[in-house]
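So the structure is just underneath, and the comments pick up after that.
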Ligand SMILES: C[S@@+](CC[C@H](N)C(=O)[O-])C[C@H]1O[C@@H](n2cnc3c(N)ncnc32)[C@H](O)[C@@H]1O
């Protein structure tokens, strides 16, 4: 299986062309994220992909550093016309460790990323260390349904090992919502808001606070 950055470099153009599966769920997520950001906040987005979310959040007045380890994703983000107009949004190619070292931050965003990490616990601990006391991690992550779930989800799960062997899907570890939230708490965060946008399979939105 190819490494994660190589995978995402290869699939950057296809990812950029992809339509959001559920626009209403995406807008609901953005609206909840906006509720937690204030003008002047120092915000880090990890795994920003082609920068859509960072650019949509430019109107919050937060200063957003958006990072991704796939340089092809960052090149697509920087080439967007909105990127030229968003003075407070900057894009950077690099690993999570390099991004985190630029803290402290008021908020760290991680959308559609946590299931892709090699070591979730270590990254959550690093994010905790990079936040100021009272700072927030805001994440959204596809999770395993506790029961049921759409047929398409189960079909894709069944095909995942083959797709990964063929280089058509990244390495990932899907967890149940309870396991993901336990990892967030274990890293020292207090969960202050959750939601599923959408419900099935749960794309779990979690806002968690570093006590301070
Ligand atoms: C599924 S995409 C999500 C992109 C964007 N956040 C979104 O919600 O559309 C995952 C992104 O995370 C990036 N990524 C995965 N693992 C990473 C890591 N260890 N360090 C930095 N970026 C990573 C990938 O390159 C890819 O662009």
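The values are calculated or read from the model by the stated rules, or taken from the named source; none is laboratory data. Values in this document were obtained by computation on a predicted structure and should not be read as measured data. Cβ: placed from backbone, ideal geometry, glycine included. Neighbour counts: every protein chain shown.
Tabulated results
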| item | result |
| --- | --- |
| Matching residues in the range 94-113 - criterion: being closer than 19 Å to residue 70 by Cβ and surrounded by 18 or more Cβ atoms within 10 Å (Cβ to Cβ) | 96, 99, 100, 108, 109, 110, 111, 113 |
| Some residue of the range 114-123 being more than 19 Å from residue 15 (Cβ to Cβ), buried (at least 20 other Cβ atoms within 10 Å of the Cβ) and out of contact with any strand residue (DSSP E or B) (no Cβ under 7 Å at 6 or more places or on another chain) | yes |
| Qualifying residue in the range 19-33 (condition: within 26 Å of residue 201 (Cα to Cα), without any contact (Cβ under 8 Å) to a residue 60 or more places away in the chain, in a loop (DSSP other than H, G, I, E, B) and in contact with a helix residue (DSSP H, G or I) (Cβ under 6 Å, 6 or more places away or on another chain)) | yes |
| Answer residue from the range 129-149, given it is more than 15 Å from the chain's Cα centre (by Cα) and closer than 20 Å to residue 178 by Cβ and is surrounded by the fewest Cβ atoms within 10 Å (Cβ to Cβ) among those | 147 |
| Exclusive hit being at pLDDT below 95 and within 11 Å of the ligand (Cβ to nearest atom), set 6, 66 | 6 |
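Here's the yes/no breakdown for (1) within 12 Å of the ligand (Cβ to nearest atom); (2) part of a loop (DSSP other than H, G, I, E, B); (3) over 14 Å from the mean Cα position of the chain (by Cα):
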| position | (1), (2), (3) |
| --- | --- |
| 74 | yes, no, yes |
| 84 | no, no, yes |
| 107 | no, no, no |
| 118 | yes, yes, yes |
| 125 | no, no, yes |
